[in-house]
Amino acid sequence: MKIAVLALQGAFLEHEDILHKLGADCIELRKKADLKESFDGLILPGGESTAQGKLLRELDMFRPLQEKIRDGLPVLATCAGLILLAEKSSNDERAYFQTLPVTVRRNAYGRQLGSFHTVQDFGGMKHIPMTFIRAPYIESAREDVEISAKVDGNIVGVRYRNQLAISFHPELDTDRRIHQYFLSFCKA
């Protein structure tokens, strides 16, 4: 199995390390030509969504990736990746792929000082460590979006068709279940 990791900015190396440990091959998406390779899934990492969105457009990668996602490519989006997928943001007029029918709130927990760690259930998995860094949360989701996790009443994880989107950073913790779940999702 080969997973593509958007490697323009953000925490992509940590995702790649976990994927390798779980037996998956990785390719980094850095330029449009990289999209010609065959891959079974995509990770949109945390980082800065504005910078990632700008680079995706400048490198002419935006439309091809958007089409792949719309055509059913499995995606794991963490933090900024969630913002890239979201249909809209309540506190920013910018929108990117718009493939996930949710409204996000950018930096919902505040700046860097508002970062925190908790342990919550995620879907059917118990006690998942969750590290939030300048994280968004989902304010609203369309009825057909499956809510996988909430923290303090806020939606922090969803699944919609081929898209798994979360507010936190599973690549920064030692628990590998989110990535294992994503790989099983790619195989299905």
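Relative contact order, percent, of the chain when contacts are C-alpha pairs under 8 Å separated by at least 6 residues?
Once divided by the residue count of the chain, the mean separation gives 19 percent.
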- Taking the stretch 1-67 on its own, what percent of its Cα-Cα pair distances exceed 17 Å? 36
- When the charge dipole of the chain is computed with +1 at the Cβ of Lys and Arg and -1 at the Cβ of Asp and Glu, the Cα pointing farthest to the positive end, of 77, 164, 33, is that of 33
- Query: When the dipole is taken about the Cα centre of the chain, and only Lys, Arg (+1) and Asp, Glu (-1) are charged at their Cβ, what size is it in debye, to the nearest 20?
  - Reply: 200
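Strictly over 24 Å apart at the Cα level, which of 68/187; 2/54; 32/54; 36/187 would you flag in this model?
Result: 2/54 exceed 24 Å.
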- Message: If amide hydrogens are placed 1.01 Å from N in the peptide plane, which non-local residues have theirs closer than 5 Å to the one on residue 26?
- Response: 3
- Query: How much length, in nm to one decimal, is gained on full extension between residue 34 and residue 55, taken as 0.36 nm per residue of separation minus their Cα-Cα distance?
  - Reply: 6.1 nm
- Item | Alpha carbon Rg of the chain, scaled by the compact-globule rule 2.2 N^0.38 Å | 0.93
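For residue 10, what charge total do you get from the other residues with a beta carbon under 15 Å from its beta carbon, if Lys and Arg give +1 and Asp and Glu give -1?
Values: positive: 30, 54, 106, 134; negative: 14, 16, 17, 28, 48, 171.
Result for the neighbourhood of residue 10: -2.
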- Return the sequence-ordered ³J(HN,Hα) values of the stretch 133-145 in whole Hz as given by the Karplus equation 6.51 cos²θ - 1.76 cosθ + 1.60 applied to θ = phi - 60°, using x for Gly and Pro. 10, 6, 7, x, 9, 9, 7, 8, 9, 4, 4, 8, 8
- Give the calculated FRET efficiency between residue 147 and residue 71 to the nearest 0.05, with a Förster radius of 22 Å applied to their Cβ-Cβ distance. 0.35
- Work out, step by step, the length gained on full extension between residue 91 and residue 48: first 0.36 nm times the residue separation, then minus their alpha carbon distance; give nm to one decimal. 14.0 nm
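Laboratory data are not the source of any read-out in this text; all were calculated from the coordinates shown. None of these values were measured; they are calculated from a predicted model. FYI the Cβ positions are ideal-geometry reconstructions off the backbone, even for glycines, and counts take in every protein chain you see.
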